[in-house]
Amino acid sequence: MALNLEDVRRAAHLARIAIDDAEAEATLAQLTRVFGMIEEMQAVDVSGIEPMAHAQDLMLRLREDKVTEQDQRALFQSSAPETEAGLYLVPKVIE
């Protein structure tokens, strides 16, 4: 995709970014390099390659799903100003 300075200025205008000529030219050079890299990556033949979820093929160690701590809700709620049915009551902030 070939960009020109007018494309960069238009994108900056749409983003409401003030940009001078020097910044526009620098941005054009950066975007041209990025689009060039994208074109190179798209040229690579990846047919027959299975997509990966992660760069390293690791298996996570899983632990047994069991309760390891006691229920301390009553203790934690004992210092709250107001509770009801196990919930913290807070002042209404939106009307």
Per the filter on the range 2-17, residues within 26 Å of the chain's Cα centre (by Cα) and surrounded by fewer than 10 Cβ atoms within 10 Å (Cβ to Cβ) are Leu14, Ala15, Arg16
Filtering the range 45-95 down to residues that are small (Gly, Ala, Ser) and modelled with pLDDT of 90 or more yields Ser47, Gly48, Ala74, Ser78, Ser79, Ala80, Ala85, Gly86
If we keep only residues of the range 19-48 that are among the acidic types (Asp, Glu) and assigned to a helix (DSSP H, G or I), then the residue farthest from Glu6 (Cα to Cα) is Glu40
Only unsatisfied item for Pro81, checking (1) surrounded by 10 or more Cβ atoms within 10 Å (Cβ to Cβ); (2) out of contact with any strand residue (DSSP E or B) (no Cβ under 8 Å at 6 or more places or on another chain); (3) not hydrophobic (A, V, I, L, M, F, W, C), is (1)
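The values are calculated or read from the model by the stated rules, or taken from the named source; none is laboratory data. Everything numeric here is computed off the predicted structure, so don't read it as measured data. Cβ: placed from backbone, ideal geometry, glycine included. Neighbour counts: every protein chain shown.
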